[in-house]
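**Q** One structure is given below, represented as C-alpha cells, and several questions about it will come after.
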Amino acid sequence: MTQKGTLGMVAFWLTVIGGLNWGLVVFNWNLVEMLVGAWPTLVTTVYALVGISALYLAFGAFKKN
C-alpha cells in the first residue's frame, strides 16, 4: 500500500515516471528529458527525487501502523 497524503502522491507519481523512463529506454527515449528539457542539473535532480521517492514508498510499505 502506498503512503497517504500529498507527499505519498508525489512519491508515487515520481516513481511511476521513473519506471516509465526505464521501460522507454528500449526505444531510446528519455521521458525525464522530454518532460524537463535537456538541463543536466534539473535532470539529475529529477533522477535523485525519483530514487528518494522509491525508497520512501519501499520503506513505507513495511511500516507498521
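**Q** Output the number of residues of the stretch 25-65 satisfying the condition of being among the basic types (K, R) and surrounded by 11 or more Cβ atoms within 10 Å (Cβ to Cβ).
**A** Start the filter on the stretch 25-65 by keeping residues that are among the basic types (K, R), which leaves 63-64.
Cutting the leftovers down to surrounded by 11 or more Cβ atoms within 10 Å (Cβ to Cβ) gives us none.
Qualifying residue count, the stretch 25-65: 0.
**Q** Now for a separate question. For the stretch 1-11, give me each residue that is in contact (Cβ under 8 Å) with a residue 24 or more places away in the chain and exposed (fewer than 15 other Cβ atoms within 10 Å of the Cβ).
**A** Passing the criteria: M1, T2, L7, V10.
**Q** Hey, can you tell me all the residues within the stretch 14-27 that are under 17 Å from L42 (Cβ atoms) and aromatic (F, W, Y)? If you could, list the steps in order and put the result at the bottom.
**A** As a first pass, look at the stretch 14-27 and keep what is under 17 Å from L42 (Cβ atoms): 14, 17-18, 21.
Selection gives nothing.
**Q** Please give the helices (runs of 4 or more DSSP H) falling wholly within the stretch 5-65 in which 3 or more residues are polar (S, T, N, Q) and at pLDDT 90 or above.
**A** On the way: elements: 6-24, 31-36, 40-61.
Where helices (runs of 4 or more DSSP H) fall fully within the stretch 5-65 and carry at least 3 residues being polar (S, T, N, Q) and at pLDDT 90 or above, they are 6-24, 40-61.
**Q** Confirm whether V16 is aliphatic (A, V, I, L, M) and exposed (fewer than 13 other Cβ atoms within 10 Å of the Cβ). Talk me through it step by step, then tell me what you get.
**A** Values: aliphatic (A, V, I, L, M): yes; exposed (fewer than 13 other Cβ atoms within 10 Å of the Cβ): yes.
It is true that V16 is aliphatic (A, V, I, L, M) and exposed (fewer than 13 other Cβ atoms within 10 Å of the Cβ).
The values are calculated or read from the model by the stated rules, or taken from the named source; none is laboratory data. It should be emphasised that the depicted structure is a prediction, and the values quoted were computed from it without experimental measurement. Heads up, the Cβs are rebuilt from the backbone with ideal geometry, glycines too, and the neighbour counts pull from every protein chain shown.
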